[in-house]
Structure formats: C-alpha cells, structure tokens
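Colleague: Can you keep this structure in mind? I'll have questions shortly.
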C-alpha cells in the first residue's frame with residue numbers, strides 16, 4: 001500500500017508538473033500569438049508600403065522625365081531677341097534687318113500692303129518703360145489685303161520666326177465685293193537688343 005501511495009504521490013507530482021507545464025505553455029502561447037499576429041500584420045503593411053513606395057518612385061521618375069522634356073521643349077520654344085551686328089545703333093537702324101525679314105514674309109505669302117506706320121520706342125511698351133537702355137522697339141501698324149490661305153501662311157511664318165516679336169492686335173474683315181479676300185489691320189512690335 002505504501003507503494004501505491006508512493007506511486008500516487010509521484011503520479012500527483014507528475015500531473016502537477018504536467019499541469020504547470022501546460023499552464024506555462026498556454027500562458028506562453030497566449031503571449032506569443034498576439035506578437036506573431038502583430039509581426040505578420042506589420043510585415044504585410046511593410047510589403048504594401050514598399051509596393052506603394054515603388055509605385056510612387058516610378059510616378060516621380062515619370063513626372064521628372066516629363067518635366068525635363070517639357071523644360072527642354074520650352075527652352076526650344078523660347079525665342080531670343082534680335083541682335084544687330086553692330087552695337088550702338090539707333091532704333092530704326094537696329095530693327096531694319098528684322099523689319100526686312102517681316103517684309104520678305106509678307107511678299108513671299110502674296111500679301112499686299114496698303115500702308116505701314118512705324119513708331120519707334122513707343123512709350124506704352126513694357127520693354128521701353130522698364131528697360132529703355134537694353135532694347136529697341138518698333139511698333140508697326142500694317143494694313144494688308146490677303147486671301148485666307150495667304151494670311152494663314154503668313155501667321156504660321158510669324159509663329160516660326162526665330163526672334164521674339166509681339167502681335168499686339170489684329171482686325172480681320174472680309175472684303176464686301178469678294179468674301180474670299182480679307183482686309184487686315186495688323187499691329188506688331190519688333191524688338192532688338194541695343
């Protein structure tokens with residue numbers, strides 16, 4: 001009987017140890033599971049953030065590339081001011097070559113001029129007001145007669161003109177006797193560096 005008691009006592013100790021181990025294991029698992037779940041959640045969030053960051057970096061690279069292209073195109077589109085060969089000329093002499101290019105464009109596009117009025121360095125021009133010692137300005141009021149197609153070609157040529165110029169105003173009316181012909185009042189400004 002003593003053996004049985006000893007055996008039961010040992011069995012009780014083993015059961016208590018197993019029960020303590022089971023409680024310890026349960027406690028440990030209850031503490032580890034939330035940590036593992038947090039690690040898995042953080043890993044998923046990190047993967048999503050890395051993917052999002054990669055997408056945003058690609059978008060940023062695309063935007064930088066587009067901006068660089070746009071800047072390059074705008075640099076190509078920026079026109080410089082006409083620079084005469086000789087320095088120290090008066091406005092009329094400095095702009096003469098530029099004006100002759102416009103007259104060639106008018107002639108090449110079969111446009112007839114009725115009149116051209118010049119005003120050199122007009123007081124209302126911003127370049128004359130703000131930088132009078134840097135630029136010459138010639139304001140031209142031109143009355144022309146042209147067909148639609150000829151005038152369109154002339155405007156395209158002005159757009160492609162290599163130097164900066166300003167088309168201030170334009171009035172276009174059809175000729176009453178022939179609607180295919182335009183009567184044009186055209187005001188533009190030519191600029192030259194001093």
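The values are calculated or read from the model by the stated rules, or taken from the named source; none is laboratory data. Because the structure is predicted, anything quoted here is derived from the model rather than measured. Positions of Cβ are generated from backbone atoms using ideal geometry, with glycine treated the same way; all protein chains shown enter the neighbour counts.
Colleague: (1) in contact with a strand residue (DSSP E or B) (Cβ under 8 Å, 6 or more places away or on another chain); (2) modelled with pLDDT under 90: which one isn't true of residue 181, the others all being true?
Modeller: It fails just one condition, (2).
Colleague: Run down 121, 126 and say which single residue is without any contact (Cβ under 8 Å) to a residue 40 or more places away in the chain and in contact with a helix residue (DSSP H, G or I) (Cβ under 6 Å, 6 or more places away or on another chain).
Modeller: Numbers: 126 fails: in contact with a helix residue (DSSP H, G or I) (Cβ under 6 Å, 6 or more places away or on another chain).
Only one candidate qualifies: 121.
Residue-by-condition table, conditions (1) within 30 Å of residue 180 (Cβ to Cβ); (2) part of a helix (DSSP H, G or I); (3) at pLDDT below 85:
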position: 66; (1), (2), (3): no, yes, no
position: 122; (1), (2), (3): no, no, no
position: 143; (1), (2), (3): yes, no, no
position: 156; (1), (2), (3): yes, yes, no
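Colleague: Is one or more of the residues making up the stretch 93-109 part of a loop (DSSP other than H, G, I, E, B), at pLDDT 90 or above and touching a helix residue (DSSP H, G or I) at 6+ places or on another chain (Cβ under 6 Å)? Walk me through it before giving the result.
Modeller: Filtering the stretch 93-109 down to residues part of a loop (DSSP other than H, G, I, E, B) leaves 109.
Imposing the further condition that a residue be at pLDDT 90 or above reduces the set to 109.
Checking which are touching a helix residue (DSSP H, G or I) at 6+ places or on another chain (Cβ under 6 Å) leaves us with 109.
Checking the stretch 93-109: at least one residue is part of a loop (DSSP other than H, G, I, E, B), at pLDDT 90 or above and touching a helix residue (DSSP H, G or I) at 6+ places or on another chain (Cβ under 6 Å).
Colleague: Where residues in the stretch 158-194 are free of Cβ contacts under 8 Å to residues at least 12 places away in the same chain, more than 32 Å from the chain's Cα centre (by Cα) and not in a strand (DSSP E or B), which of them is surrounded by the fewest Cβ atoms within 10 Å (Cβ to Cβ)? Write out each step before concluding.
Modeller: Of the stretch 158-194, the ones free of Cβ contacts under 8 Å to residues at least 12 places away in the same chain are 159-160, 173-174, 176-179.
Filter again for more than 32 Å from the chain's Cα centre (by Cα), leaving 173-174, 176-179.
Within this subset, residues satisfying the condition of being not in a strand (DSSP E or B) are 176-179.
Numbers: 176: 8, 177: 6, 178: 9, 179: 9.
For the stretch 158-194, the residue satisfying everything is 177.
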